[in-house]
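Reviewing the structure listed below.
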2 protein chains.
Amino acid sequence: MTRIEPCSAKAFELKKGQFLTVIDPEGQQVGDLVAYNRIDIREYISSGRSIDYASKLFLTKGDLLYSNRSNPMLDIVNDNVGRHDFTLTPCSKDTFRIIYGDDNPLPGCQGNLEKVLEPFGIIPDQIPIAFNIFMNVSVDASSGKIAVLPPMSRAGDKITFEAKMDLLIGLTACSAGQSNNFKFKPIDFEIY
Amino acid sequence: MTRIEPCSAKAFELKKGQFLTVIDPEGQQVGDLVAYNRIDIREYISSGRSIDYASKLFLTKGDLLYSNRSNPMLDIVNDNVGRHDFTLTPCSKDTFRIIYGDDNPLPGCQGNLEKVLEPFGIIPDQIPIAFNIFMNVSVDASSGKIAVLPPMSRAGDKITFEAKMDLLIGLTACSAGQSNNFKFKPIDFEIY
């Protein structure tokens, strides 16, 4: 079991056939996940393809996360929360400046992912819309208005993915106030 | 006025301060729009940033389309339809294979954009989630299930954008059956 400390990120390899379990140890904590083809980082996780092929915004057990080349990257094989977001980019200095009006913003998941992915040759522009694990975004069907609500995850809740190709993964313990019920907690993960 | 023939695409420059009007000449026709910073194509239109900053899925008059670097790219200054999609990637051979089960699929908006953007140095992996003009995607608020419905646009309906930086634009007349009420029509545009 590996811990991602509050407001930070880790990058790691996940081989085809391996399982990745992401755990919310304290409850109500989001983890942003991005994925790249290990041998060609220009192939990356695509919310647009995945939502299209699943015909739904909220992906859960039985759904696939596809790449921009329409190849399956991750298969959600277990999920005891069932509510994650796949429409928003990682929070960033700009998010905090534009949405929260912060003058001296934190690096956010974007900045934390940039730091851990840089050794793998990934530039900031290559960080896509993340699969925002445990992030609870409601949508009003008629206006399209979205609201970021506290995660539905309780202490010990988890989601498990099976890798469908060799992958590079970036994973955070998210640092956006609204997304985490205004308390920054760790995220744990294990690979087996 | 320039016409994009059914099931095709065009690429063109749009200078900061210029206006782009996209017209549906016959009604119920989608046009996928992608945008890049003219002098650095690694900066591209970002649905994830735009939805986050607007706090809504359905953008219309008064809303900004942001780049992945959180810079405003396009300002929607007029819109007499008010319903467009910003969650899905352009339709592609893979879309038609996976969703429609086609054995010999059309290139789709993805293939048509690849062709017209290639002379500008853009590779297929750099085609992001598009702003899918006139595309009518409904969302079920509780399950997140989406449905692609006929566009709400009637003949002559239009949307106008103001460029907030020098841009390269890719625009299609979409070739996905469901998105266009199963009839492939042209899309018109003008720049002024």
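Bear in mind that the values in this text are calculations on the coordinates, not laboratory data. In this text the structure is predicted, and so the values were computed from the model without any measurement. When we count neighbours, we look across all protein chains shown, and the Cβ atoms used for this are built from the backbone with ideal geometry, even at glycine.
Apply the a/c threshold of 1.5 to the C-alpha gyration tensor of segment B:99-150 and tell me whether it is rounded, prolate or oblate. Since a/c reaches 1.5 and a/b is larger than b/c, the shape of segment B:99-150 is classed as prolate. Each Lys and Arg Cβ is given +1 and each Asp and Glu Cβ -1; about its Cα centre, segment A:2-191 then shows a dipole of about 180 debye.
Between copies, A:ILE98 shows label-point distances of 2.6 nm, shortest first, with the point placed 7 angstrom from Cα along Cα to C-beta. When the trypsin sites (Lys or Arg not before Pro) in segment A:142-192 are filtered for DSSP coil states and for at most 13 other beta-carbon atoms within 10 Å of their beta-carbon, the remaining sites are A:LYS183. Averaging 1/r across all pairs of distinct Cα atoms in segment A:1-64 and inverting the result yields a Kirkwood radius of 14.2 Å.
Plainly put, the protein assembly as shown has a radius of gyration that is 0.95 times its Kirkwood radius, both from alpha-carbon atoms, as the Rg/Rh ratio. Remark: label point of B:SER142 defined 7 Å out from Cα along the Cα-Cβ vector; separations to the same position in other copies 1.8 nm, ascending.
Residue by residue along B:48-61, Cβ atoms of other protein chains within 10 Å of the local Cβ number 6 on average.
Near B:SER70: Cβ cut-off under 9 Å, other residues only, Lys/Arg at +1 and Asp/Glu at -1. The net charge is +3.
With a cut-off of 16 Å on the backbone N, the residues of segment B:1-28 near the modelled label site 7 Å out from B:ARG154 along Cα-Cβ are B:24-28. The slack between A:GLN178 and A:ILE41, meaning 0.36 nm per residue of separation minus the straight C-alpha distance, is 46.2 nm.
Provide the net charge surrounding B:GLY156, with neighbours chosen by a C-beta distance below 10 Å and charges set as Lys +1, Arg +1, Asp -1, Glu -1. Net charge in that neighbourhood comes out at -2. In this structure, the pairs whose alpha-carbon distance is over 27 Å, taken from A:LYS16/A:LYS185; B:LYS56/B:LYS145; A:LYS115/A:LYS145; A:LYS164/B:LYS145; B:LYS15/B:LYS61, are A:LYS16/A:LYS185; A:LYS115/A:LYS145. Pairwise Cα separations in segment A:1-114 fall into 10 Å bins from 0 onward with the following percentages, short to long: 12, 39, 38, 11, 0.
The simple spin-label model puts a point 7 Å past each Cα toward its Cβ; for B:LYS61 and B:THR2 those points are separated by 2.6 nm. Between copies, the label points of B:ASP125, set 7 Å from Cα on the Cα→Cβ line, lie 1.3 nm apart, reported in increasing order to one decimal in nanometres. Any idea how far apart A:ARG97 and A:THR21 come out in nm if each label point goes 7 Å out from Cα toward Cβ? According to this spin-label approximation, the distance is 4.1 nm. Its DSSP H runs of at least 4 residues, each contributing -39,500 (n - 2.57), put the calculated 222 nm mean residue ellipticity of chain B at -2500 deg cm²/dmol, to the nearest 500. Rounded to 0.05, the FRET efficiency of the B:PHE12 and A:SER138 pair, given R0 = 35 Å and the Cβ-Cβ distance, is 0.40. Build a GNM of chain A with springs between Cα atoms under 10 Å apart, and of A:CYS91, A:CYS174, A:CYS109 the one that fluctuates most is A:CYS91. Net charge in the neighbourhood of A:HIS84 (other residues with Cβ under 14 Å of its Cβ; Lys, Arg +1, Asp, Glu -1) is -2.
Looking at the square roots a ≥ b ≥ c of the eigenvalues of the Cα gyration tensor of segment A:2-191, which shape do they give, rounded for a/c under 1.5, prolate if a/b is larger than b/c, or oblate? Rounded shape, in that the Cα axes give a/c under 1.5.
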